[in-house]
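Taking it in order: structure first as structure tokens, then the write-up.
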Amino acid sequence: MATISFIKAQALSNDFVIIEGNPLGLEKIQHIAHRRLGIGCDQVIFFQRSQDKTVMDVQFFNADGTEAEACGNGSRALVTFLALPKITLRTKTRHLNCIYSNGMAVINMGHALISDVEALILSNQVGAWNGVDVGNPHLIAFVEDIERIDIVAMGPLLENHPTFPKRVNVSVAQLQAERILLKTWERGSGYTGACGTAACATTGLAYAKGLISDSMLVSQQGGDLLVTPTEQGIWMAGPATIVFKGEVF
Ligand SMILES: N[C@@H](CCC[C@H](N)C(=O)O)C(=O)O
């Protein structure tokens, strides 16, 4: 029986199965991501190397088998696995410049494109919602006290709201002096301990609104990311580890 080689990686507890090669079919991806029947992960990542090995074509799939245009933590996990000083990740929506130095992946995720969704009537309204695109779509609200928000109850309602035919990642954030506290319900994967693109989208939103002017630590249940908004794009720096490798049927 044919087997598929894979790498298991995690970044701030957001976990990934990384496979070199073309994407597998929907059922195979769902099986690999299943935490009882397969390996278990939040996203399955497929990549192919260019001839000179400085450019990688990357595709991300959520645990439910749907394709995502971007994945911040997964991108850092892949850069950490490849351990090359400078590469470009060619994703579905953006080309990402990546640096790997001293065991840390630093990636320019591009710009945050903000849209106005305040006029929408959303269930479980917690304040003003903003649409933010950083290659993939996010819905974000700043709140006074993040502890009071049940993202697991609210997330699926907003993820599947008819306003978002392609569904959406849902986050609530609390702004502190040099830190943003963040909780995210991921489209297609549910609650995860951290989401890299949500961290970048939230920091980009705060920057665009003039709420911050410099780097922020974005703290999620799985740990901290350093996110730096610049005119040239949003830089994300943070850890990722390779956990094990194996073969799956
Ligand atoms: N874990 C991610 C985001 C993965 C994709 C997302 N669920 C989507 O559907 O857009 C991250 O670290 O950014």
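Quick note: the coordinates plus some simple rules give every number you see, no bench work behind them. The structure presented is a predicted model; accordingly, all values stated were derived computationally and were not measured. So basically every Cβ, Gly included, is an ideal-geometry build from the backbone, and we count neighbours across all protein chains shown.
Beyond a 28 Å Cα-Cα separation, which of these cross-linked pairs lie in this structure: 86/166; 53/183; 53/209; 53/92; 166/209; 86/183? From 86/166; 53/183; 53/209; 53/92; 166/209; 86/183, over 28 Å: 86/166; 53/183; 53/209; 86/183. Placing unit charges on each Cβ (+1 for Lys and Arg, -1 for Asp and Glu) gives the chain a dipole about its Cα centre, and among 226, 34, 162 the Cα reaching farthest toward its positive end belongs to 34. Residues considered: 153, 141, 206. Largest GNM mean-square fluctuation over the chain, using C-alpha springs under 10 Å, is found at 153. Ranked by the mean number of other Cβ atoms within 10 Å per residue, highest first, peptides 154-160, 179-185 order as 179-185, 154-160. Here the chain is treated with +1 on each Lys and Arg Cβ and -1 on each Asp and Glu Cβ, and its dipole about the Cα centre works out to around 620 debye. Computed log10 I(q)/I(0) for the stretch 17-88 at 0.16 Å⁻¹: -0.53, from the Debye equation with unit scatterers placed on every C-alpha and solvent omitted. Net charge of the neighbourhood of residue 227, taken over other residues with C-beta under 13 Å away and scored Lys/Arg +1, Asp/Glu -1, is -1.
Relative contact order (percent) for the chain, with alpha-carbon contacts under 8 angstrom and 6 or more residues of separation?
On the way: 616 pairs, mean separation 54.2, N = 249.
This gives 22 percent for the chain.
Rg/Rh, computed from the Cα trace of the stretch 142-244 with Rh as the Kirkwood radius, has the value 0.97. Normalised by 2.2 N^0.38 Å, with N the number of residues, the alpha-carbon radius of gyration of the chain equals 0.96. The stretch 131-159 and the stretch 1-76 have their alpha-carbon centroids 24 Å apart. When the chain is treated as a GNM with alpha-carbon contacts under 10 Å, the residue of 62, 102, 14 showing the greatest mean-square fluctuation is 102. Summarising the amide proton neighbourhood of residue 68: residues at separation of 5 or more, or on other chains, whose placed amide H is nearer than 5 Å comprise 60, 61, 62.
Restricting attention to the stretch 113-237, close to 75% of DSSP beta bridges with both partner residues there are antiparallel. Per residue, the average separation of C-alpha pairs within less than 8 Å and at least 6 apart gives the stretch 113-237 a relative contact order of 18 percent. Counting neighbouring beta carbons within 10 Å and listing from fewest to most, the residues 1, 236, 104 come out as 1, 104, 236.
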